[in-house]
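The values are calculated or read from the model by the stated rules, or taken from the named source; none is laboratory data. Everything quoted here is computed from the prediction, not taken from an experiment. Glycine also receives a Cβ, built like all others from the backbone with ideal geometry; neighbour counts cover every protein chain displayed. The protein model used for the area step is the full one, side chains on, heavy atoms only, and it has no ligands, DNA or RNA in it. Shrake-Rupley method; radii C 1.70, N 1.55, O 1.52, S 1.80 Å.
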Amino acid sequence: MPTGGTNQPRGDTRPTHPKLLRLIAITILALIVLVGLAVLITWLAIKPKRLLYTIDDGSINNFNINTDHLNATFGLVIMAHNPNHKISIYYDSIEVSVGVNGQTVAFNTLEPFYQPRKNMTRLDAKLESRDVALSSSLSRDLRLEKRSGQAELDVRIKARIRYKIGVLKLRHRTLKIECPVIINFSSSKGFERVYCDID
């Protein structure tokens, strides 16, 4: 006996959202373009320049190696140059070390400071080696360098800095600076300025 209703075949009711997906993709692409334009405009407005660091003077005093232990005082004049017109820098911590053939022989920290725009700041670093144990090969190399009148050293600087652009202070960054220097044991021979590599 026939029922009161007829069974109609139902269409596919699974949701399809091609328009929604297209809208999301366009929105994401537009955001990427806008962020890229904002970064480009900011960069063009600020025109950031690379920071520059040099070692302008160096000395070694009270140098003595006794039974493969080093005592010495290293004096360094470090020049930090900020050439930027619109960026100033906070140096919140600064560590300086002197190494020979991969071994650190002296270490010290410097006072934090604020560096304005278009500024060159002089940093005087005094690092002491106090009874630092050396390998026999390194001890021999340093004795030979002492006899030759000059020492090849690796000066490394590690700093925690923040950039300031207008009233905006950016998050901390770690700055690593490496300066291979040759220092004469005799101050009468002078010192040739060394330009450092920055990471």
request  = Kindly list, by first and then second residue, each pair from a residue in the stretch 103-127 that is closer than 22 Å to Ser88 by Cα to a residue that is among the hydrophobic types (A, V, I, L, M, F, W, C) and open to solvent by 50 Å² or more (accessible area, probe 1.4 Å), limited to pairs with Cβ atoms under 9 Å and residues at least 6 apart or on different chains.
outcome  = Met120/Leu52
ask   = In the list Asn64, Asn71, which residue meets the criterion of being surrounded by 14 or more Cβ atoms within 10 Å (Cβ to Cβ), at negative phi and assigned to a strand (DSSP E or B)?
value = Asn71
task = Could you give me the residue pairs with C-beta distances under 7 Å whose first residue belongs to the stretch 154-165 and is under 26 Å from Ala106 (Cα atoms) and modelled with pLDDT of 95 or more, whose second residue is among the basic types (Lys, Arg) and surrounded by fewer than 17 Cβ atoms within 10 Å (Cβ to Cβ) wherever it lies, and which are 6+ apart or on separate chains?
result = Lys158/Lys176; Ile161/Arg173
inquiry  = Looking at the stretch 45-54, can you tell me whether even one residue there is among the β-branched types (Val, Ile, Thr), farther than 30 Å from Ser137 by Cα, free of Cβ contacts under 8 Å to residues at least 60 places away in the same chain and not in a strand (DSSP E or B)?
reply    = no
remark   = Considering the stretch 80-102, residues that are open to solvent by 30 Å² or more (accessible area, probe 1.4 Å) and at pLDDT 95 or above, and then whichever is nearest to Ser139 (Cα to Cα), we arrive at Glu95
request  = Tell me which residues, restricted to the stretch 74-102, are touching a residue at least 60 places away in the same chain (Cβ under 8 Å) and not in a strand (DSSP E or B).
outcome  = Lys86
ask   = When the stretch 178-199 is examined, which residues are found to be open to solvent by 70 Å² or more (accessible area, probe 1.4 Å) and under 18 Å from the mean Cα position of the chain (by Cα)?
value = Glu178, Pro180, Tyr195, Asp197, Asp199
ask   = Has the stretch 121-133 got at least one residue that is at pLDDT below 95 and either more than 19 Å from Phe63 (Cα to Cα) or open to solvent by 40 Å² or more (accessible area, probe 1.4 Å) (or both)?
value = no
note = Among residues of the stretch 103-116 being closer than 28 Å to Tyr163 by Cβ and not hydrophobic (A, V, I, L, M, F, W, C), the residue least open to solvent (accessible area, probe 1.4 Å) is Gln115
message = I'd like to check something: does the stretch 162-178 contain any residue that is assigned to a strand (DSSP E or B) and within 19 Å of Asn61 (Cα to Cα)?
response = no
ask   = Quick one: Leu175 ticks every box in (1) farther than 18 Å from Asp124 by Cα; (2) surrounded by 15 or more Cβ atoms within 10 Å (Cβ to Cβ); (3) more than 8 Å from the chain's Cα centre (by Cα); (4) not β-branched (Val, Ile, Thr) bar one, so which box is it?
value = (3)
